[in-house]
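Worksheet for the structure shown next.
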Amino acid sequence: EAKPFVALANFERWLPFVLQYAPNCPTEVAIHHIRQTVIEFCEVTHVWQQELQPVLSIANVDQYAMGVPTGAAAVKLFAFAANDVPGMTVDAAAGRRQSAWNTSEMAAWVVDRSTVGINPAPSSDGIVLRFVCSLKPTQASAEVPETIFENHAEDIAMGALARLLKVPRQAWTDVPEAMRQRTA
């Protein structure tokens, strides 16, 4: 089952917003701070949510790769279903408790940036597992969905500037402006 194409925005798209306040900053340094800000923004706001490719179960297996897109990492699971029957989504600590206590209530949680845990484990092969989760870019990624840029370009640029302008002893360092960007 193919998912619709998602237009992507390269981190370089933020450079005009950032380099006007830090003109002596090397592009690579600015992109690094932009990436860190986008990662944090996605972790906090859950703005990047996506239904992932369905996964087929294997009997008695309780962890699955979620099919997170390349360059992304899972942050939080928002919806889970097995053969279109919705299950609970819980945090990792609650998921570990459910597994340890062997509860019968169907639940799923993010184990790590690309793996989901399910309790109880599916009892048969071929059950269609569906996941909707929030994502964030990885440290190696170069782009995010275009909608993040279009809807949040200025907020992310201000966050990147707040980080970048307070780097000590650089030609672009401007701590007062960094504080202004952080509170703007």
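Summary table
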item: Cβ crowding within 10 Å averaged over residues, with 62-74, 127-139 ranked highest first; result: 127-139, 62-74
item: Directionally averaged shadow of segment 60-149, computed from the convex hull of its alpha-carbon atoms, nm²; result: 6.4
item: Estimated translational D of the chain in µm²/s (Stokes, Kirkwood radius over Cα pairs; 37 °C; 0.692 mPa s); result: 182
item: Accessible surface, 1.4 Å probe, highest first, among residues 182, 163, 169, 13; result: 169, 182, 13, 163
item: Accessible area per residue in Å² at 1.4 Å probe, computed on the chain; result: 53
item: Cα centre as origin, Lys/Arg/Asp/Glu Cβ charges: the chain dipole, Debye; result: 520
item: Most positive-pole-ward Cα, 126, 75, 55, against dipole of segment 45-133 from beta carbon charges; result: 75
item: Ellipsoid equivalent to segment 44-96 - semi-axes via the Cα gyration tensor, in Å; result: 19, 15, 12
item: Spacing of the two label points (7 Å from each Cα toward its C-beta) at residue 170 and residue 6, in nm; result: 2.8
item: Charge dipole (debye, nearest 20) of segment 106-184; +1 at Cβ of Lys and Arg, -1 at Cβ of Asp and Glu; result: 360
item: Most positive-pole-ward Cα, 141, 159, 116, against dipole of segment 90-164 from beta carbon charges; result: 116
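The values are calculated or read from the model by the stated rules, or taken from the named source; none is laboratory data. The structure presented is a predicted model; accordingly, all values stated were derived computationally and were not measured. Quick reminder, even Gly has a Cβ in these numbers, built from the backbone with ideal geometry, and neighbours come from all protein chains shown. We work out accessible area using only protein heavy atoms, side chains counted, and drop any ligands, DNA or RNA first. Shrake-Rupley method; radii C 1.70, N 1.55, O 1.52, S 1.80 Å.
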